[in-house]
Amino acid sequence: MNTQQKWIAYYTILIKEILRFTRIWKQTILPPVITTSLYFVIFGNLIGPQIGNMDGHRYIDFIMPGLIMMTVITNAYANVVASFYGSKFQGNIAEMLVSPTPNWIILAGFVSGGVARGMTVGVAVTVVSLFFTHLQMQHFWVMVTIVILTAVLFSLAGLINAVYAKSFDDINIIPTFVLTPLTYLGGVFYSIAMLSPLWQKVSLLNPVLYMVNGFRYGILGVSDIPLWVSYGVIMAFILMLGGYSMYLLNKGTGIRS
Amino acid sequence: MTTALDIQGLRKTYHNGFTALKGIDLQVEQGDFFALLGANGAGKSTTIGIVSSLVNKTAGKVNIFGYDLDTQREQAKAQIGLVPQEFNFNMFEPVVEIVVNQGGYYGIPRQEAFVRAETLLKQLGLWEKAREQARNLSGGMKRRLMIARSLIHQPRLLILDEPTAGVDIEIRRSMWEFLRKLNAEGTTIILTTHYLEEAESLCRNIGIIDKGELIENTGMKQLLNRLDTESYVFDLASPLEHLPATSSNLCHCTLLDPTTLEVAFHKEHYSLNQVFSFLNQQSITVQSMRNKTNRLEQLFLELVEGNKA
């Protein structure tokens, strides 16, 4: 395949993925928007004023970046894990496997689909947040790059989960028992400065902490973690998971007998 | 003549230790209409899976129009169109999108893919369903959709794994015509089927796989010529009271019921003309006749039984 043909193959997978999640928007876009709105109402408007300021910002302003990031993470992951596993389950992953489309294009297509859904829902949640607070955007490009890189990272994680999954139960275990705890304990609702020194150190093992804080720096200009460390951790995970995904696709794990 | 498919020493052992292919050598020439037959579990689908890159091989070489599947994978894959045994498209996608997307995976621009998809869907009688979700199609339509999808990139080698399974006779015949035309236009076709009448009607060459080994690879005519006995069933105009006596043990008559006579004869010693002369001498009037069994079916069973021994 020449470069143009590869671009067409990539674009085809991306369009297919975008059409898939927009066709079922009541399942993919609406629920996270409603859930996050409830967070804004309950934690931001009702409980928030009782808590007071955090890191020099109103509580609702403090949790807004974390809530957006939480939505992006869960949706990017959910899109790829559901779509890739669905393709395996129905057998239509074979449509790509029999074609000359290289594995890295297949990976890029699915990951871009995850990023597209993560960003779509992220933008929708951001728009909803404007009803409760105002968006500051202290460092616009930091905000944009951190959110995109995070979506890439969790799309890759979703693909690895889908490759190994043998049933629909398998695609729910990781989000429920790993992703949700990591996200909730990743500094979405609090600053780790509030924790004891021991738990601060334990929290540093949570990769989500670096993403939430990097994104919070982009919006509010405050972070528990130095910005370069956030970028470093995210990039390291992307390289690690990306490399492992390519290894699995080339080997044919879960998709070739 | 170019070899469309060249398989050398192909072996496959699955993770559970089951050896599905025990070193198969197979060549299919360009332009051929080739039947790959075998009982369930014989190794046909594994062979097709390896050729179409859906199954990893354990050993051996596969060349498709001269492209090595190991070292020139993209070029080799671009030559093949696959119609798998099971429905394997996204049931929730519209028909036309399934075909157009497949074109995209082969690098065909979307606009061009739409034009090709329209042509194919019209040829296969699916254009009216183009915007419907695939799950709403009947079984026969789903089979035709898989054929349309496999042809979007105009492959030089089309592999069909039981394409007419569960399809009614009318649609099956129309699919046969479509495939004949495609083959006449230059597409090499490999067909697996359990309908041996289908293989006999469509294919020029034949390979038979049994227990992971290729036990036969020859021309269809040559294979059928090996059958030394022909059996015909005659429907008679009036009931027979006695079985007609034959002069030789090379021809044998059986009265199935008073108006149905079965005649079996050795092809080397008898012709159908002689059988009719004999019936005339006996003043037996025949209203209609048919082959007792499909000839290829008979041979297939003999070969597979022979391999068991």
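The values are calculated or read from the model by the stated rules, or taken from the named source; none is laboratory data. Computed from a predicted structure; not experimentally measured. No Cβ is skipped: glycine too gets one built from the backbone with ideal geometry, and neighbour counts run over all protein chains shown.
Which of the residues belonging to the stretch B:46-104 are of a type in the set (Ser, Thr, Tyr), more than 7 Å from chain A (Cβ to nearest Cβ) and over 17 Å from A:Gln5 (Cβ atoms)?
Within the stretch B:46-104, B:Thr46, B:Thr47, B:Thr58, B:Thr71 qualify.
Note on the stretch B:179-212: among residues that are among the aliphatic types (A, V, I, L, M) and assigned to a helix (DSSP H, G or I), the one that is surrounded by the most Cβ atoms within 10 Å (Cβ to Cβ) is B:Ala199.
Count of the stretch A:105-118 residues, restricted to those that are more than 12 Å from chain B (Cβ to nearest Cβ) and either of a type in the set (Asp, Glu) or within 15 Å of A:Gly252 (Cβ to Cβ) (or both), is 1. Within the stretch B:7-54, being closer than 22 Å to B:Leu202 by Cβ, surrounded by fewer than 18 Cβ atoms within 10 Å (Cβ to Cβ) and in contact with a strand residue (DSSP E or B) (Cβ under 8 Å, 6 or more places away or on another chain) holds for B:Gln27, B:Glu29, B:Gln30, B:Gly31, B:Ala39. What are the residues in the stretch B:89-135 that are without any contact (Cβ under 8 Å) to a residue 24 or more places away in the chain, in a loop (DSSP other than H, G, I, E, B) and among the small types (Gly, Ala, Ser), if any? Correct list: B:Gly107 only.
Of the set (1) in contact with a helix residue (DSSP H, G or I) (Cβ under 7 Å, 6 or more places away or on another chain); (2) closer than 30 Å to A:Thr253 by Cα, all apply to A:Asn213 but (2).
Condition test on A:Phe131, is it within 13 Å of chain B (Cβ to nearest Cβ) and hydrophobic (A, V, I, L, M, F, W, C)? Spelling it out, it is not the case that A:Phe131 is within 13 Å of chain B (Cβ to nearest Cβ) and hydrophobic (A, V, I, L, M, F, W, C).
Taking each residue of the stretch B:59-73 that is closer than 18 Å to B:Lys12 by Cβ and looking for partners that are of a type in the set (Gly, Ala, Ser) and not in a helix (DSSP H, G or I) with beta-carbon atoms closer than 6 Å, six or more apart or interchain, yields B:Gly60/B:Gly9. Residue under question is A:Thr101, and the condition is that it be at the interface with chain B (Cβ under 10 Å from one of its Cβ atoms) and either outside any helix (DSSP H, G or I) or not aliphatic (A, V, I, L, M) (or both); does it hold? The answer is yes for A:Thr101. All of (1) under 21 Å from A:Phe140 (Cβ atoms); (2) among the basic types (Lys, Arg); (3) out of contact with any helix residue (DSSP H, G or I) (no Cβ under 9 Å at 6 or more places or on another chain) hold for A:Lys201 with one exception: (1).
Conditions (1) hydrophobic (A, V, I, L, M, F, W, C); (2) over 14 Å from the mean Cα position of the chain (by Cα); (3) loosely packed, with under 14 Cβ neighbours inside 10 Å, marked per residue:
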position: A:Leu107; (1), (2), (3): yes, yes, no
position: A:Arg117; (1), (2), (3): no, no, no
position: A:Gly122; (1), (2), (3): no, no, no
position: A:Val144; (1), (2), (3): yes, no, no
position: A:Phe168; (1), (2), (3): yes, yes, yes
position: A:Ser191; (1), (2), (3): no, yes, no
position: A:Trp199; (1), (2), (3): yes, yes, yes
position: A:Tyr210; (1), (2), (3): no, no, no
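Against the condition in contact with a strand residue (DSSP E or B) (Cβ under 7 Å, 6 or more places away or on another chain) and surrounded by 21 or more Cβ atoms within 10 Å (Cβ to Cβ), how does B:Ile215 come out, does it pass? First the steps, then the outcome.
Values: in contact with a strand residue (DSSP E or B) (Cβ under 7 Å, 6 or more places away or on another chain): yes; surrounded by 21 or more Cβ atoms within 10 Å (Cβ to Cβ): no.
Answer is no for this residue.
Restricting the stretch A:1-58 to residues that are assigned to a loop (DSSP other than H, G, I, E, B) and within 9 Å of chain B (Cβ to nearest Cβ) leaves a set whose member that is nearest to B:Val96 (Cα to Cα) is A:Ile24. Looking only at residues in the stretch A:129-170 that are among the polar types (S, T, N, Q) and outside any helix (DSSP H, G or I), the one that is farthest from A:Asp61 (Cα to Cα) is A:Ser167. Taking first residues from the stretch A:183-199 that are farther than 10 Å from A:Leu209 by Cβ and partners that are small (Gly, Ala, Ser) and modelled with pLDDT of 85 or more, the Cβ contacts under 8 Å between residues at least 6 apart in sequence or on separate chains come to A:Phe189/A:Gly66; A:Leu195/A:Ser203. When the stretch B:164-178 is filtered for residues that are surrounded by 14 or more Cβ atoms within 10 Å (Cβ to Cβ), outside any helix (DSSP H, G or I) and over 13 Å from the mean Cα position of the chain (by Cα), only B:Val167 remains. Has the stretch B:115-125 got at least one residue that is within 23 Å of B:Lys181 (Cβ to Cβ), buried (at least 18 other Cβ atoms within 10 Å of the Cβ) and among the charged types (D, E, K, R)? The answer is yes; a qualifying residue exists. Looking at B:Leu182, B:Leu256, just one residue is outside the structural domain of B:Glu93 (by TED's automatic domain parsing), free of Cβ contacts under 8 Å to residues at least 60 places away in the same chain and among the hydrophobic types (A, V, I, L, M, F, W, C), and that residue is B:Leu256. Being within 14 Å of chain B (Cβ to nearest Cβ), assigned to a loop (DSSP other than H, G, I, E, B) and in contact (Cβ under 8 Å) with a residue 24 or more places away in the chain is a condition met by no residue of the stretch A:81-92. In this structure, A:Ile105 qualifies as at pLDDT 95 or above and more than 14 Å from A:Ala76 (Cβ to Cβ).
One residue stands out among those in the stretch B:136-172 that are of a type in the set (Ser, Thr, Tyr) and closer than 28 Å to B:Gln30 by Cβ: the one that is modelled with the lowest pLDDT, which is B:Thr164.
Exactly one residue out of B:Leu5, B:Leu10 is of a type in the set (A, V, I, L, M, F, W, C), closer than 15 Å to B:Ile209 by Cα and in a strand (DSSP E or B): that is B:Leu10.
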